[in-house]
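Here is the structure we will look at, set down as structure tokens.
The values are calculated or read from the model by the stated rules, or taken from the named source; none is laboratory data. Note that this is a predicted model, so its numbers are computed, not measured. Backbone-built Cβ (ideal geometry, glycine too); neighbour counts: all protein chains shown. Each accessible area value is taken on the protein alone, full model and side chains, heavy atoms only, with ligands, DNA and RNA left out. Shrake-Rupley method; radii C 1.70, N 1.55, O 1.52, S 1.80 Å.
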Amino acid sequence: MEVSSDREYIYTSSELDQQEGQLIEEIKASAREAIPDPDAWLDEEIKRNILLTTVDAVVGWGRRYSLWPAVCFPACCAFEFIAAEGPRFDLARFGMDAMRATPRQADLMITAGTLTWKMAPVVRRIYNQMPEPKWVIAMGACAISGGIFRSSYSVVPGYNRIIPVDVYVPGCPPRPEALIYGIQQLHKKINKIHVIPDLPQFLQKGKQG
Ligand code: SF4
């Protein structure tokens, strides 16, 4: 090593080569193993804290377990519905314990009983007053087809003549287990509903502005 006139150290080229070589050897010695990813803990955190799902699945789950039935029980099937609401069958398990006396707060109509033509406009009005999305379960033979009163001049041969029906629960009357099975079928139907009915068309519209 030489010392210049203004006391600065001047390295020869061989000294520089040696220093550089030494540094490289030190790095090599410490680089036998790959350095672990400092953010690897993130993967574990994500696994533990984030539930990956779709908006449809979440909304469907919420709708399924918060169905609020409107009161619409014109005849004897109503008693089986009352039994289903009781502690033995416990419809509250499905989030259905809140019976609504106003259709504006209901999204499910369980039509438990014979419907006469005189009552038909009232039932249709109740249905029309329910907000969307809404569903109808026809409970019992009378609700499905008029049942044993089908040929009577005064009986509507099925609720589906005046309002759309989603699920039919046969029987005269159907037992609470049958009604619960019908409700489970409705759950499956609700689960298939998309929040945005036609997603490709919706995205296309968004692009067009
Ligand atoms: S299906 Fe039978 S139990 Fe139900 S309303 Fe009709 S007659 Fe009554």
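For region 56-191, what D do you get in µm² per second when you plug the Kirkwood radius from alpha-carbon pairs into Stokes-Einstein at 20 °C and 1.002 mPa s? Walk me through the numbers on the way to the answer.
Values: Rh = 14.7 Å.
Roughly 146 µm²/s, to the nearest whole number.
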Self-check item: Computed accessible area, Asp97, all protein chains, 1.4 angstrom probe, square angstrom
Solution: 100
Quiz item: Can you give the relative contact order of region 64-152 as a percent, counting alpha carbon pairs under 8 Å and 6+ residues apart?
Solution: 33
Quiz item: In region 103-179, which chymotrypsin sites (Phe, Trp or Tyr not before Pro) fall in coil by DSSP and have 16 or fewer other Cβ atoms within 10 Å?
Solution: Trp117, Tyr153
Exercise. Using only the alpha carbons, work out the radius of gyration and Dmax of region 79-128 in angstrom.
Key: 12.6, 35
Quiz item: Near the amide H of Val156, under 5 Å away, which other amide H atoms are found, from residues 5 or more places off or on another chain, if H is placed in the peptide plane?
Solution: Leu115, Thr116, Trp117
Practice problem: Tell me which residues come under 5 Å, amide H to amide H, from Leu108 once H is placed; ignore anything under 5 positions away on its chain. | Solution: Trp68, Ala70, Trp135
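How much of the accessible area of region 56-191, probe 1.4 Å, is carbon plus sulfur, in whole percent?
Carbon plus sulfur share of accessible area: 59 percent.
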